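**Student:** Handing you a structure now.
Every number in this text was worked out from the coordinates using simple rules, so none of it is lab data. This structure is a prediction, so every number in the text was calculated from the model and none was measured. Don't worry about glycine lacking a Cβ; one is built from the backbone with ideal geometry, like all the others, and counts go over all protein chains shown.
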Amino acid sequence: MAKNRKRIDISVGTNIQTTIQMRLSRLGGQVQALRRMVGNGDDWKKMLTLAAAIEGAADQVSADLFRGYLESLAVDETVAAKAREGLELVLRRR
């Protein structure tokens, strides 16, 4: 299965890669904080708020990955713009 992995085209995705790495670092910190809060038996409302933030951050990572995927495709800019518009509509559903 590892043979089928594709690397991100560095010429296209360097900025997106940096953004994703930063988001993942923050997301990891949020998960660690929630783990500590659960272990400490902290306030449920605070934990739920943090869990919602984690969910939103994960959504943003997915959106950034999708943007990177769109940029990696050699498609007409009109098609890419419409795909990005569709992505934004999906992300607004919450």
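**Student:** So, in nm, how far is label residue 77 from label residue 58 when the simple model puts each one 7 Å beyond its Cα toward the Cβ?
**Tutor:** It works out to 3.6 nm between the two label points.
**Student:** Going through segment 26-82, which chymotrypsin sites (Phe, Trp or Tyr not before Pro) have at most 15 other Cβ atoms within 10 Å and a DSSP loop state?
**Tutor:** none
**Student:** Ok, one more. Cα atoms only: what Rg and Dmax, in Å, come out for segment 15-91?
**Tutor:** Cα-based Rg and Dmax for segment 15-91 come out at 16.2, 52 Å.
**Student:** While we're looking at this one, here's another question. If you add up the charges near residue 81, with Lys and Arg at +1 and Asp and Glu at -1, over every other residue whose beta carbon is less than 14 angstrom from its beta carbon, what do you get?
**Tutor:** -2
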